[in-house]
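K.L.:
Sending over a structure as structure tokens; questions will come in a sec.
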Amino acid sequence: MIWYEEEVKHLEREGKNLKYRADTAFYGSSSIRLWTTIYSDFQRYKPVNLGFGGSTLAACVWFFDRIFSNYNPGSIIIYAGDNDLGDGRHPEEVFIFFQQMVQKINARYGDIPCYYISIKPSSSRWNIIESLKFTNYLIENEINRMNNKWSFVNIYNRMVDKNGYPKKEYYDNDDLHLNAAGFDLWKQILLSKLSSTI
């Protein structure tokens, strides 16, 4: 976890200097960190971007207490798990990290609204697409089983074509990270979900 240390320290410093109460925390990997329009896209929800590049869901659990030490959000939106699978972890391991994240959030904030964005399909990780889909399946079923204020945000289905392949118009040249069109799609899906639950 040492390679995340500088970014985590930066987020800790930002938390101490934030000039407003952040009501919605966006947390996770580079798909969150690189979302530069979060503050304007979700202005009415008073967002804060707590993404750190390359992070795994395991790292999000590990650093949760440090990163959130200066925050008291009313809701949390998470995107992580993609890099765990890319690093060779199995869906069942990522599922356990998800359960640990649920426990961390419940222990600190109680039963607040939380949103897990499904792991996106990408051409660069097509070799593990079945693991990716199974991870989404496990987490979605767990959220449905919990029957609390967690929501599963399915962005996967909107990002594939009729043959099930990732739509290139949503991706950067690396076929992994989102471009502006990809972030705009996520914004539309999330705003629809938020307006119906918050």
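K.L.:
As a quick test, which of the pairs Lys46/Lys149; Lys9/Lys149; Lys120/Lys162; Lys104/Lys149; Lys149/Lys187 have an alpha carbon distance above 25 angstrom in this structure?
P.N.:
Violating the 25 Å limit, Cα to Cα: Lys9/Lys149.
K.L.:
How many angstrom lie between the Cα centre of segment 54-81 and the Cα centre of segment 145-198?
P.N.:
Between the Cα centres of segment 54-81 and segment 145-198 lies a distance of 19 Å.
K.L.:
Still on this structure, please answer the following. Rounded to the nearest 500, what is the 222 nm mean residue ellipticity of the chain from helices alone, with -39500 (n - 2.57) per DSSP H run of 4+ residues and division by all residues?
P.N.:
-13500 deg cm²/dmol
K.L.:
Mind checking which aspartates and glutamates have their Cα closer than 13 Å to the Cα of Lys167? Skip sequence neighbours fewer than 8 apart in that chain.
P.N.:
Asp175
K.L.:
Stokes-Einstein D for the chain at 20 °C, 1.002 mPa s, Kirkwood Rh over Cα pairs, in µm²/s?
P.N.:
127
K.L.:
Right, something else. Could you work out the relative contact order of segment 2-197? I mean the mean sequence separation of Cα pairs under 8 Å and 6+ apart, divided by the number of residues, in percent.
P.N.:
It rounds to 18 percent for segment 2-197.
K.L.:
Amide H neighbours of Tyr115 under 5 Å, counting only residues 5+ apart in sequence or on other chains, H built in-plane at 1.01 Å?
P.N.:
Those lying under 5 Å, H to H, from Tyr115 are Ile76, Ile77, Ile78, Ser151.
Every read-out reported here was derived from the displayed coordinates using simple, explicitly stated rules and does not represent laboratory data. Worth saying up front: this structure is predicted, and the values here are computed from it rather than measured.
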